[in-house]
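A quick write-up on the structure given underneath.
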Amino acid sequence: MALKQGEVYKCSDPDCGCEITVSKGAAPGKGGNLAPRCCCGKEMVKK
Ligand SMILES: [Zn+2]
């Protein structure tokens, strides 16, 4: 699940509520497969 431009990710902890928007995606085939992680330590999920 490489990051793509324009995607919005939300922290999986509802008490945190942090959201990020990808301003630039990973190059095709180079982005790996890891979910982004919030500053609180939880994985972020695509909105
Ligand atoms: Zn968080």
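The values are calculated or read from the model by the stated rules, or taken from the named source; none is laboratory data. The shown structure was predicted, so the numbers you read here are calculated from the model rather than taken from an experiment. Don't worry about glycine lacking a Cβ; one is built from the backbone with ideal geometry, like all the others, and counts go over all protein chains shown. To get the accessible areas, we keep the full protein, side chains included, count just its heavy atoms, and leave off ligands, DNA and RNA. Shrake-Rupley method; radii C 1.70, N 1.55, O 1.52, S 1.80 Å.
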Between residues in region 15-27 that are of a type in the set (Asp, Glu) and residues that are modelled with pLDDT of 95 or more and open to solvent by 60 Å² or more (accessible area, probe 1.4 Å), which pairs lie under 8 Å by C-beta distance while being six or more apart or on different chains? Glu19/Lys10
Of Gly25, Gly17, the only residue that is small (Gly, Ala, Ser), in contact with a strand residue (DSSP E or B) (Cβ under 8 Å, 6 or more places away or on another chain), open to solvent by less than 40 Å² (accessible area, probe 1.4 Å) and part of a loop (DSSP other than H, G, I, E, B) is Gly17
So which residues in region 28-45 are open to solvent by 60 Å² or more (accessible area, probe 1.4 Å) and within 15 Å of the ligand (Cβ to nearest atom), if there are any at all? Arg37, Cys39, Cys40, Lys42, Glu43, Val45
Subset of region 5-14, residues within 10 Å of the ligand (Cβ to nearest atom) and open to solvent by less than 30 Å² (accessible area, probe 1.4 Å), comes to Cys11
